[in-house]
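Student: Structure incoming, see below.
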Amino acid sequence: MFYPKSKPLEGFFQDATLEEKFSLMSWNIHKENLNPSFQLTLKELLDENPIDFLLFQEYKIKKSYDIIIDPYNYATAPNIETKNHLYGVLTASKATIAHQKAHLSQTKEFFLATKKANLITHHYFKDGQLLIIVNLHAINFVNAKMFKAELDMLYGLLYGLDCAVIVSGDFNNWSNKRIHDLQAFEYSLGYQRAIIDDAKHIKQFFSKPIDHIFYKNLKLLNAKAIDTKKISDHNPIIAKFAQIKPLSIKP
């Protein structure tokens, strides 16, 4: 019924590589991005915290006008389409988006009969090293077996990568079985989970935090969750990373 027929949107406004240190904001914004209160809060956050990557889940796109997130390039992965709007994940980047690929879940959620989306983007540091970012909104209203099957699909896309990788978003890991499967996903890929300051502000379901950032081949400098006073039913997480450069071998 709501299956997206429009192709994923993208916009490229500047060509740039990544500095050795960079920052990222991950936020399920509950389709609030067109509201003035959200836009004001986002501006205040960005004024206080210069951010290189914005990873939004449940982003709302009005078909009647173009997306402008100055000064960011962007790519989208819609999972729902209505007459006037698209909904899905959006990744905005001050660095060039060298490659982007949108993926829909194999399974539809019960009741809503909609799929979830993830978006994989490629970016490059100044020295040519690759950073891959996955912006994920994990499937929710399905049984544990279907949830694991979606993690397995993502595992297949990420297995064997030896570059820097970040997987971030709303993982909907609100049951013990889902937590166990997500931990297995994390450990089998050799990822680390970001330890987040003010973790009490992270969205919880059944008293379990469901927003996370995983990373590999990067150094986490710090991460924090910010209380935005119910702008969305989730709060943003901001993380700062540093590139780990490969060791040079002198002759």
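Student: Could you let me know the centre-to-centre spacing of segment 212-240 and segment 146-188, using Cα atoms, in angstrom?
Tutor: What the calculation gives is 18 Å, centre to centre.
Student: In whole Hz and in residue order, list the ³J(HN,Hα) couplings for segment 142-158 that follow from phi through the Karplus curve 6.51 cos²θ - 1.76 cosθ + 1.60, θ = phi - 60°; x for Gly and Pro.
Tutor: Coupling constants for segment 142-158: 9, 6, 4, 5, 5, 4, 5, 4, 6, 4, 5, 5, 5, 4, x, 6, 9 Hz.
Student: What is the spin-label model distance, in nm, from Met153 to Tyr65 if the labels are put 7 Å beyond Cα along the C-beta direction?
Tutor: Between Met153 and Tyr65, the simple spin-label model gives 3.4 nm.
Student: Something else now. At a 1.4 Å probe radius, which order do Phe205, Phe22 fall into by accessible area, largest first? Kindly include the intermediate steps, with their values, before the conclusion.
Tutor: Values: Phe205 85, Phe22 5 Å².
From most exposed to least exposed: Phe205, Phe22.
Student: Sticking with this structure for a sec: Would you work out the relative contact order for segment 26-115, in percent, from Cα pairs under 8 angstrom that are 6 or more residues apart?
Tutor: Reported as a whole number, the value is 27 percent.
Student: So, for the chain, what is the accessible surface per residue at a probe of 1.4 Å, expressed in square angstrom?
Tutor: Heavy-atom SASA per residue in the chain reads 51 Å².
Student: Counting only protein heavy atoms and using a 1.4 Å probe, what share of the accessible area of segment 59-210 belongs to carbon plus sulfur, as a whole percent?
Tutor: Of the solvent-accessible surface of segment 59-210, carbon and sulfur hold 55 percent.
Student: Could you tell me the accessible area of Tyr187 in Å² (1.4 Å probe, neighbours in place), rounded to the nearest ten?
Tutor: Here the residue's solvent-accessible area equals roughly 150 Å².
Student: Probe radius 1.4 Å, ligands and nucleic acids left out: which of Ser207, Ser188 has the largest accessible area, and how do the rest follow? If you can, show how the numbers build up before the last one.
Tutor: Numbers: Ser207 100, Ser188 65 Å².
Ranked list, largest accessible area first: Ser207, Ser188.
Student: May I pose another question? Can you pull a Stokes-Einstein diffusion coefficient for segment 80-136 at 37 °C (0.692 mPa s), Rh from Kirkwood over Cα pairs, as a whole number of µm²/s?
Tutor: Answer from the Stokes-Einstein relation: 250 µm²/s.
Student: Turning to a different aspect of this structure: Trypsin sites (Lys or Arg not before Pro) within segment 70-162: which are DSSP loop residues with at most 14 other Cβ atoms inside 10 Å?
Tutor: Lys83, Lys126
Student: Lys216: which lysines have alpha carbons under 18 Å from its alpha carbon, excluding same-chain residues fewer than 8 sequence positions away?
Tutor: Cross-link targets: Lys21, Lys240, Lys245.
Student: Right, here's the next one. Running a GNM on the chain with Cα contacts under 10 Å, which residue among Glu19, Glu109, Glu48 ends up with the highest mean-square fluctuation?
Tutor: Of the options given, Glu48 has the highest mean-square fluctuation.
Student: Considering only Ile179, Ile166, Leu46, whose Cα is most displaced toward the positive end of the charge dipole of the chain, charges sitting on Cβ of Lys, Arg (+1) and Asp, Glu (-1)?
Tutor: Of Ile179, Ile166, Leu46, it is Ile179.
The values are calculated or read from the model by the stated rules, or taken from the named source; none is laboratory data. As the structure is a computational prediction, the values presented were derived from the model and not from experiment. No Cβ is skipped: glycine too gets one built from the backbone with ideal geometry, and neighbour counts run over all protein chains shown. What goes into the accessible areas is simple: the full protein's heavy atoms, side chains included, and nothing from ligands, DNA or RNA. Shrake-Rupley method; radii C 1.70, N 1.55, O 1.52, S 1.80 Å.
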